[in-house]
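In what follows, a structure is listed as structure tokens, so that the remarks can point back to it.
The values are calculated or read from the model by the stated rules, or taken from the named source; none is laboratory data. Quantities reported herein were computed from a predicted structural model and do not represent experimental measurements. In this analysis, Cβ positions are derived from the backbone assuming ideal geometry, glycine residues included, and neighbour counts consider all displayed protein chains. The accessibility values were calculated without ligands, DNA or RNA, using every heavy atom of the protein model including side chains. Shrake-Rupley method; radii C 1.70, N 1.55, O 1.52, S 1.80 Å.
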Amino acid sequence: MTTPDAKADLRQYLQFARDALLWKLEGLSEYDARRPLTPTGTNLLGLVKHVAGMELGYLGDIFGRPSGEPLPWLAEGAELNADMWASADESREFVVELYHRAWAHADATIEALVLDETGKVPWWPDGKNEVTLHRAVVHVIAETERHAGHADIVRELIDGDTGLRQGHTNMASNDPAWWENYRSRLEQAARDADRDAAPRI
């Protein structure tokens, strides 16, 4: 049985994750918002686009509450991984506004249904695809936080900007010299550990 505040707790953590992810786009050029920073193409705007579609699926479609939002990149026959990047004609404003609409739709689902309500995830294996709303919200929080972590690293690679969320960086220091020294110490510790390790067979 859930407590009366369970929905509020879930909504709070979900919103923290949403805000953290969007904050990583602030102040960037169109190029920096989109450019791939890993060998698998991870990019900030693509993360937001992906999470918007995920929310609409998990906190809408699977509970019989389709949003009506056209998501051609998720349709059958769409290009593989098309939800993980924004094409030149998909503006930043379009992707961010889609994400805001996804929030509103997901929040309405959480408000309208009890946490024990069940739905089926059609892209999960049969026999393992029935979920409660509670589990679906936890899944979306976990996915959003995971991608917000990706965004943390991508943003740091772009311009060195770091932090948990606006107004609360949660970083050990704001001094670049401190971080340079810290990173050097970690590099040396890694080299020392590798040198001292037992020979590999």
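Descriptive notes on the structure:
- Condition check for Asp196 on (1) at pLDDT below 90; (2) of a type outside the set (Ser, Thr, Tyr); (3) within 27 Å of Val48 (Cβ to Cβ): one failure, at (3).
- Condition met for Leu157 (among the aliphatic types (A, V, I, L, M), open to solvent by 90 Å² or more (accessible area, probe 1.4 Å) and either closer than 18 Å to Leu45 by Cβ or touching a Pro at 6+ places or on another chain (Cβ under 8 Å) (or both)): yes
- The set of residues from segment 114-127 being assigned to a loop (DSSP other than H, G, I, E, B), within 25 Å of Lys7 (Cβ to Cβ) and charged (D, E, K, R) comprises Asp116, Glu117.
- Residue in segment 3-15 that is open to solvent by 60 Å² or more (accessible area, probe 1.4 Å) and within 15 Å of His150 (Cα to Cα) present: no
- Any hit, segment 46-57, residues being over 18 Å from His139 (Cα atoms) and of a type outside the set (Phe, Trp, Tyr): yes
- Residue list for segment 28-78, restricted to those being within 26 Å of Arg155 (Cβ to Cβ), among the acidic types (Asp, Glu) and open to solvent by 40 Å² or more (accessible area, probe 1.4 Å): Glu30
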